[in-house]
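Worksheet: one structure, shown below.
The values are calculated or read from the model by the stated rules, or taken from the named source; none is laboratory data. Note that the structure is a prediction, hence the values are computed from the model and not measured. Here Cβ is always computed from backbone atoms with ideal geometry, including for glycine, and neighbour counts include all displayed protein chains.
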Amino acid sequence: MRLYNTLTRSVEEFAPSHGGTVRMYACGLTVYARGHIGNFRTFVCLDVLRRTLRHVAGHGMRQVVNFTDVDDKTIAGARAAGVPLREYTDRYIDAFREDAVTLGLEAVEESPRATDGENLQAMADMIAALEARGHTYRSDGSVYFRIGTLPGYGKLARLDHDGMRPGARVDSDEYAKEDARDFVLWKATTPGEPSWDLGVGPGRPGWHIECSAMALRLLDGPPIDIHAGGVDLVFPHHENEIAQAEGATGQPFARFWVHVEHLLLDRDVKMSKSLGNVFTVQDILERGHRASALRFVLLSTHYRKQLRFTWTSLAQAEEALQRLMACLARVESVSRGEPHDAIAERVESARQAFAARMADDLNVPGALGAVFELVRDVNAAIDAGELGAGDAALVQDAFEAFDRVLGVIDLRRAEEAAPPVEVGEIDRLIAARREARRRRDFATADRIRDELDERGIQLEDTSDGTRWRRK
Ligand code: AMP
Ligand code: ZN
């Protein structure tokens, strides 16, 4: 398996450092809003990385994807909504989990929240270790990292040590720093903000310390095998994570750094919550698109290239998926006929091409090329009456293997099995209709029936009550 490493700016051979298990950390969502499809481009691409490491390279996985549930934005959001921080962030964590299932993301081994007690303690302990090793100073009750104490600072982002490139996300804190390049580890809180006292003074963690501490606590590092996130995190977030982890332990933090390029909107604008130009997964579904088509779009461009999101690209993904599903349906209907050697060879070479391309720094476009060439050849073989029952089984096995990595066929099947309106909502509407009829409000009762009918659910009144079925 070969993987591009941002640290060395080159594609390198990758294998886990010990045992057969990859220890991987990916920066998760800051939960002050529902994640948008730009966030999910990163999460879908990292899901494809995870599946490739498992099913192509044959490794086990121990993967952490965190929730950043305390920072300036989550605190401001909770205050504006007038609810406690934990209750506020719970909503967006639930929404993330729902969207992750909708997009077919495999469950990861750990999804910690920064404000869980053990994690906060790990952050405070790491800050104490940094203090003991002389990397910090205090000012106005906050603790800062003094980057002048770490000669390697800037090695990931390739900063020269004296200059500082303006980053996408420089801390917005307004606390006193000795040097503009220094960053806060533990923030003195203002009244009304959540605050913890765990040995480094009352306050709350800075964003960067959250990830370093959770990664090392949950992955038995250092070094961990892979640290990942979107490309905007290279600087300052990941650079600062390295400074903290390496400053505290004296060991390299992560062997490989993997960064997913951005999803852009038309006219090349980055989709971002702070710019307000976002679509959520739910927005896309409400416009009548399938999550499987969205997943297809999000994974089909190479992860190190920017992805320009358009409605046309979504329609094209839908078409490609339909072609795949139609071919599979044809293959499934083949129940007899002699095997043909040419098919077995064709399937084997497609499987090899798919695996080799995925193992080559996740060349998804190349791997999809192998899939769709096989679709074309299988369709031609069926047309010519040259696909026997045994061949059909081989083709089905191959598509299953592809889909363990791509995860789109399974998702489409699950969508097809599920009713277009949630069962709970159907039950509620049937009860409301029954109640309307009891009041002899037949206009309302008919409206409910017609609306469900338009949404693909047909009602049938029987002597045992009302039944429903998908049209
Ligand atoms: P955030 O909630 O801002 O901390 O971001 C969660 C993840 O989404 C991080 O890995 C970001 O790098 C990533 N991300 C944010 N915006 C985009 C975008 N437009 N395209 C791809 N990934 C993004
Ligand atoms: Zn992080």
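Across the range 205-234, the qualifying residues are those that are of a type in the set (Asp, Glu) and in a helix (DSSP H, G or I), and the one among them that is surrounded by the fewest Cβ atoms within 10 Å (Cβ to Cβ) is Asp232. Checking each residue in the range 52-85 for being buried (at least 23 other Cβ atoms within 10 Å of the Cβ), in contact with a Lys or Arg (Cβ under 8 Å, 6 or more places away or on another chain) and under 25 Å from Ala401 (Cβ atoms) picks out only Gln63.
Taken together, the residues in the range 312-343 that are under 16 Å from Leu411 (Cβ atoms) and touching a residue at least 60 places away in the same chain (Cβ under 8 Å) amount to 4. For the range 411-455, the set of residues classified as touching a residue at least 24 places away in the same chain (Cβ under 8 Å) and either over 30 Å from Arg51 (Cβ atoms) or in contact with an Asp or Glu (Cβ under 6 Å, 6 or more places away or on another chain) (or both) consists of Val421, Ile426, Ile430, Arg433, Arg434, Leu452, Arg455, listed by residue number. For the range 360-382, what are the residues that are out of contact with any helix residue (DSSP H, G or I) (no Cβ under 7 Å at 6 or more places or on another chain) and either crowded, with 18+ Cβ neighbours inside 10 Å or of a type in the set (A, V, I, L, M) (or both)? Within the range 360-382, Asp361, Ala380 qualify. Among the criteria (1) within 16 Å of ligand 1 (Cβ to nearest atom); (2) touching a residue at least 60 places away in the same chain (Cβ under 8 Å), the one Leu7 does not fulfil is (1).
Output yes when any residue across the range 279-289 is within 16 Å of ligand 1 (Cβ to nearest atom) and outside any helix (DSSP H, G or I), and no when none is. Looking through the range 279-289, at least one residue is within 16 Å of ligand 1 (Cβ to nearest atom) and outside any helix (DSSP H, G or I). Can you find a residue in the range 245-254 that is touching a Pro at 6+ places or on another chain (Cβ under 8 Å), acidic (Asp, Glu) and within 21 Å of Arg181 (Cβ to Cβ)? Yes, some residue in the range 245-254 is touching a Pro at 6+ places or on another chain (Cβ under 8 Å), acidic (Asp, Glu) and within 21 Å of Arg181 (Cβ to Cβ). Restricting attention to the range 90-146, the residues that are farther than 23 Å from Arg217 by Cα, among the aliphatic types (A, V, I, L, M) and surrounded by 20 or more Cβ atoms within 10 Å (Cβ to Cβ) total 3. Among the residues of the range 287-311, those that are under 18 Å from Ala414 (Cα atoms) and in contact (Cβ under 8 Å) with a residue 40 or more places away in the chain comprise Arg290, Ala291, Ser292, Leu294, Arg295, Phe296. Just give me the residues in the range 376-396 being of a type in the set (A, V, I, L, M) and assigned to a loop (DSSP other than H, G, I, E, B), in sequence order. Scanning the range 376-396 gives Ala384, Leu387.
When the range 235-278 is filtered for residues that are of a type in the set (Val, Ile, Thr) and assigned to a helix (DSSP H, G or I), the ones remaining, listed by number, are Ile242, Thr249.
Filtered by the rule that a residue be among the aliphatic types (A, V, I, L, M) and away from ligand 1 (no atom under 16 Å from the Cβ), the range 192-214 gives Leu198, Val200, Ala213.
What do you reckon, is Ala293 modelled with pLDDT of 95 or more, within 16 Å of ligand 2 (Cβ to nearest atom) and among the small types (Gly, Ala, Ser)? Taking the combined requirement at face value, the residue does not satisfy it.
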